[in-house]
Amino acid sequence: MSARQVAILHVIGDWTIEHGEAPTVREFGARVGVASTGSVAYQLSRLEARGLISRTGHRWRSCRLCA
């Protein structure tokens, strides 16, 4: 797992605790220092494929950490 993916997992956990839901793709990017929303979406999809996160809808804002 890349350092960026680890950072994204931390952002999901921290943001969800603070706000009750995951951040938007742009908010993910701002927190991990990536300007490209496509790059963030790619990393999120890789984490979802590995079973580390899941989402209930089509938006990344609905993603959650898997146990």
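The values are calculated or read from the model by the stated rules, or taken from the named source; none is laboratory data. A quick note: this is a predicted structure, and the numbers were derived from the prediction, not measured. Ideal geometry is used to build each Cβ from the backbone, glycine not excepted, and the neighbour counts take in all protein chains shown. Just so you know, the surface numbers come from the protein's heavy atoms only, side chains and all, with ligands and any DNA or RNA stripped out. Shrake-Rupley method; radii C 1.70, N 1.55, O 1.52, S 1.80 Å.
Scanning the stretch 21-55 for residues that are in a helix (DSSP H, G or I), of a type in the set (D, E) and farther than 13 Å from M1 by Cα turns up just one, E27.
If you go through the stretch 10-31 and keep only what is open to solvent by less than 40 Å² (accessible area, probe 1.4 Å) and under 15 Å from Y42 (Cβ atoms), you end up with V25, F28, G29. Taken over the stretch 56-67, residues that are of a type outside the set (G, A, S) and not in a strand (DSSP E or B) amount to 6.
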